[in-house]
Amino acid sequence: MGIPGVGKPRWVARFLLLSMLALVLGGCTLPTFGAFRGATAQGQAEFKLWSWMTIAGLVVAAIVWGLILWAVIAYRRRDPDKMPRQFHSNLPVEIIYTTIPLIIVAVIFFYTVTTENKIDAVAARPAVTIRVTGFQWGWSFSYRNPAGRQIALVETAQRRPPVLAGNPTSPEYPQFVLPLGETTRIVLQSADVVHGFYIPAFNFSRYALPGVTNIFDFTPVRTGIFPGHCSQYCGLYHAEMLFSVRVVKPSAFQTWLNAESASGVAA
Amino acid sequence: MTLVAERPVVLVESPEPEHEHGPSGLLKWITSTDHKVIGKSYMITSFVFFLLAGLMAMLIRAQLANPDSTLLSQHTYNEMFTMHGSLMIYLFVGPVAFGGLANYIVPLQIGAPDMAFPRLNALSYWLYLGGGSLMMMGFLTTGSAADFGWVAYAPLSNSINTPGAGPDLWIVALLLTGFSAIFTGVNLVSTIYYLRAPGMTMFRMPIFTWNMLVTGILILIAFPVFTSALVLLWCDRHLGAHIFEVSGGGVPVLWQDLFWFFGHPEVYILALPFFGIVTDVIAVFSRKPIFGYRGMVFATISIAALSTSVWAHHMFTTGVVLLPFFSLMSYLIAVPTGIKFFNWIGTMWRGSVKFDTPMLFAAGFLVTFLLGGVSGILLASPPIDFATHDTYFVVAHFHSVVMSLVMAAFAGFFYWYPKMTGRMLREGLGKATFWLMFVGTNVTFLPMYLVGLKGMPRRIAEYAATDGFTTLNRISSAGSVLLFFSVSIFLVNALVSWWKPVPAGDNPWDASSLEWATTSPPPQHNFLRIPPIRSQRPVWDHNHPEDRIIERERPRLGGLVASANGGTVLLDEVGFGSADTIETRDPDR
């Protein structure tokens, strides 16, 4: 038994897909939907997946919302005496709307796995290695040489009196520095409870988990100062566990690192 | 297998129950084992927790309406979001469904006189009330109520980081409500398996009852793990067990695994009952049978099965879970959920859809839940989760989901209130409640998606003016005021129905399942007589004999179905009240 009226929403879907295609072929950049484009190579990979999956999600949602809206408007009760036909199944239609979602899932799963492999990949020889430690309520960023010795240290001033959350980029919060275009290894640990090392502009967060060392890479592709937060609730002053990251040209990074080393923190 | 048609006339004489001559008033309420009394107690109690948690949410929104806000101290704010989440999840959304609505409705829908274990049922309620009260007593302690978030991640939840009686009360409270839920699960499953009326085969049960069966099974899978984990946490705090402590060789992330092994099935323990309500409401108000009934049952069971293997999608950013597995399993849940959506639409399709308040809420559920579902798909992708985990994007996602469930709960309240009280709620006030809730939900939670994408972490007591979060937060706070008025109007509606009752009659919605065959409210043991059950819609079959569905016409999946329904041709000769009616107890004779 055919279901009349299905044709119209399909037409809507086709229109949406075509306009999407026009958008892409027209050379426009991917829509952000309010998210960051990603200031690292890893973050950009995430952004691409985000944008495409959000497009797909909104198309599917628009179709289903359209069907709901259609059903709600077109089939509202006008004649209280009219009894609708008592149909209650349509096997071909049911098979179709079971199969299509399975195909969609297979496709997004494929792109999810390839993207997450890109983001989680760690370089064999990173240019910089930073040991990041989260503690209640601050961060320490310890720059290490290839032998594992500390050559520079940036950290939250200990036991400062609680203040209102400021801007993460303001001077009372630690700011660590990364070289543009080079791969930095982050070795993330926690000194006490679970913290979340989160840099929104990098489209990335990872738990600082007690007893676990998490390792990942950043390859910044944009210079600038980016705010960072603790994202995982960690107790009283969770809101104030702020930091920032400054991405600079490699030469400027070297100058900064030399100055930090010379300031004697490392000795 | 032709037992349905050839069943002889059954006359069940049941003696007058003794407790009818028992205590009255308060004592009767306290000692009652009637599923209807217990169900109502559950609903009222959980609604009180809902109001309390809602007021906490209003405080949270007031705090976040301004940058650098000092309305609440950081400490108080932490208590507020912890208790808001705990009350809503543990004491409202779950118990109002499996303790309240299911307790009241399931025995009626299957033609049973009560739950299988009435005294266990009473124990469940009193454990729940005791547990809930204990949790609230945290506010009376010198330290504070629990303030480690509703997920109580170790090691923040140990005795060093969160000392005091408040967190202990939280743990013990959840032990009590955990046992309460387990007993309710046992009761629901037993009742649905063993107490169905003659003719009420599994595939004739209303979808609400089906979903409660699956919910009951999920409770039995998930809650024992959680309850055990709470014991371990208590041992860590008081006996130095070091199960979740690195220092003694323990594993903090084990708590997260145990918690979410409960926590994700819990999402469906919360959701499935409301899926059931919406399914039945849509069918009744569209004047049609449920589209794809068997597909619906299959989808419910698949969702429940999958939900036990997706817990670590809450832990993608821990760095210690197998991302592709949990990602794929999470994506797969979209398939049966999608089937449900299309079945809901198919039920309305070419129907005659009347937008009384319950149906409005059901439609609001569909629209809102879809958004929660789509954002859920995004979050099931580990890379996207890396970018949005623990931000307001996640907060927005699960509030889209949970607020859609709250709308479905209101659909259920408005739908069954006449059955439970014998009075109608006012349509005008009901529609005002709906529109304020629908608009309020979207105004409150849509901006949270955006502020999350801008990088606002969850559970922060304050943010800076320079963060750029202010405008979106103000819109959210304004939306929460709409929600406040929505719920207030509902309370007014209930009061009005009490002061100036409009009698409901037995079946005000022209509904189809068995609860509408008895009086409103139903008598002591529910039914004086039960119509013959020859299809999924026994009451409809009686009221609309010309629009019955003879089961034989259904597409058959196997020979079993065909033979089980072999005798349904007799339908034309029988009717409600005829010789074929199954008589139970009729005091008038």
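Descriptive notes on the structure:
- Residue check: B:Leu218 meets all listed conditions (1) away from chain A (no Cβ under 14 Å); (2) touching a Gly at 6+ places or on another chain (Cβ under 7 Å); (3) touching a residue at least 40 places away in the same chain (Cβ under 8 Å) but one, namely (2).
- Positions within region B:90-118 being among the aliphatic types (A, V, I, L, M) and closer than 15 Å to B:Leu514 by Cβ, in sequence order: B:Ala102, B:Ile105, B:Val106, B:Leu108, B:Ile110, B:Ala112
- Residues that are at pLDDT 95 or above number at least 2 in the following helices (runs of 4 or more DSSP H) confined to region B:1-98: B:35-64, B:74-86.
- Residue check for B:Ser307: of a type in the set (S, T, N, Q), out of contact with any strand residue (DSSP E or B) (no Cβ under 7 Å at 6 or more places or on another chain) and either within 12 Å of another protein chain (Cβ to nearest Cβ) or over 30 Å from B:His544 (Cα atoms) (or both): yes
- Flag for A:Val122 being touching a residue at least 40 places away in the same chain (Cβ under 8 Å), part of a loop (DSSP other than H, G, I, E, B), of a type in the set (A, V, I, L, M) and within 11 Å of another protein chain (Cβ to nearest Cβ): no
- Pairs are defined by a Cβ separation below 7 Å, a sequence spacing of at least 6 or placement on different chains, a first member in region B:284-300 that is facing chain A (nearest Cβ under 7 Å), and a second member that is surrounded by fewer than 23 Cβ atoms within 10 Å (Cβ to Cβ) and charged (D, E, K, R); the pairs so defined are B:Gly292/A:Glu94; B:Gly295/A:Glu94.
- For region A:204-225, the set of residues classified as within 9 Å of chain B (Cβ to nearest Cβ) and of a type in the set (Phe, Trp, Tyr) consists of A:Phe204, A:Tyr207, A:Phe216, listed by residue number.
- Yes/no for A:Thr184 being crowded, with 21+ Cβ neighbours inside 10 Å and either of a type in the set (D, E, K, R) or within 30 Å of B:Gly295 (Cβ to Cβ) (or both): no
- Subset of region A:173-203 that is within 30 Å of B:Ala152 (Cα to Cα) and in a loop (DSSP other than H, G, I, E, B) - its residue that is farthest from the other protein chains (Cβ to nearest Cβ): A:Pro174
- Look at (1) more than 12 Å from chain A (Cβ to nearest Cβ); (2) touching a Leu at 6+ places or on another chain (Cβ under 9 Å); (3) within 30 Å of A:Ala74 (Cβ to Cβ) and you find that B:Leu258 fails only one, number (3).
- Filter result for B:Asn121 (crowded, with 22+ Cβ neighbours inside 10 Å and over 25 Å from the mean Cα position of the chain (by Cα)): no
- Criterion violated by A:Cys234 - all others in (1) more than 8 Å from every other protein chain (Cβ to nearest Cβ); (2) crowded, with 23+ Cβ neighbours inside 10 Å satisfied: (1)
- Scan region B:441-471 for residues that are more than 30 Å from the chain's Cα centre (by Cα), in a helix (DSSP H, G or I) and surrounded by fewer than 19 Cβ atoms within 10 Å (Cβ to Cβ) and the total you get is 4.
- If you go through region B:472-528 and keep only what is surrounded by fewer than 18 Cβ atoms within 10 Å (Cβ to Cβ), at pLDDT below 95 and among the polar types (S, T, N, Q), you end up with B:Thr519, B:Gln524.
- Of the residues A:Ala45, A:Ala39, the single one that is more than 8 Å from chain B (Cβ to nearest Cβ) and among the hydrophobic types (A, V, I, L, M, F, W, C) is A:Ala39.
Table: residues versus (1) aliphatic (A, V, I, L, M); (2) under 26 Å from B:Ile277 (Cβ atoms); (3) outside any helix (DSSP H, G or I).
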residue	(1), (2), (3)
B:Arg474	no, no, no
B:Leu482	yes, yes, no
B:Ser488	no, yes, no
B:Phe527	no, yes, yes
B:Arg534	no, yes, yes
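- Candidates B:Met329, B:Met348, B:Met359, filtered to the one that is more than 8 Å from chain A (Cβ to nearest Cβ), within 19 Å of A:Leu69 (Cβ to Cβ) and either touching a Phe, Trp or Tyr at 6+ places or on another chain (Cβ under 7 Å) or surrounded by fewer than 24 Cβ atoms within 10 Å (Cβ to Cβ) (or both): B:Met359
The rows are residues; the columns are (1) on the phi < 0 side of the Ramachandran plot; (2) modelled with pLDDT of 95 or more; (3) out of contact with any helix residue (DSSP H, G or I) (no Cβ under 6 Å at 6 or more places or on another chain); (4) crowded, with 19+ Cβ neighbours inside 10 Å.
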{"residue": "A:Val93", "(1), (2), (3), (4)": "yes, no, yes, no"}
{"residue": "A:Ala106", "(1), (2), (3), (4)": "yes, yes, yes, no"}
{"residue": "A:Phe109", "(1), (2), (3), (4)": "yes, yes, no, no"}
{"residue": "A:Pro146", "(1), (2), (3), (4)": "yes, no, yes, no"}
{"residue": "A:Arg149", "(1), (2), (3), (4)": "yes, no, yes, no"}
{"residue": "A:Pro161", "(1), (2), (3), (4)": "yes, no, yes, no"}
{"residue": "A:Pro168", "(1), (2), (3), (4)": "yes, no, yes, yes"}
{"residue": "A:Ile199", "(1), (2), (3), (4)": "yes, yes, yes, yes"}
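- Flag for A:Ile96 being closer than 14 Å to B:Ala380 by Cβ, of a type outside the set (Ser, Thr, Tyr) and part of a helix (DSSP H, G or I): no
The values are calculated or read from the model by the stated rules, or taken from the named source; none is laboratory data. This is a predicted model, so every value here is computed, not measured. Because the Cβ atoms are built from the backbone with ideal geometry, glycine has one as well, and the counts that use them run over all protein chains shown.
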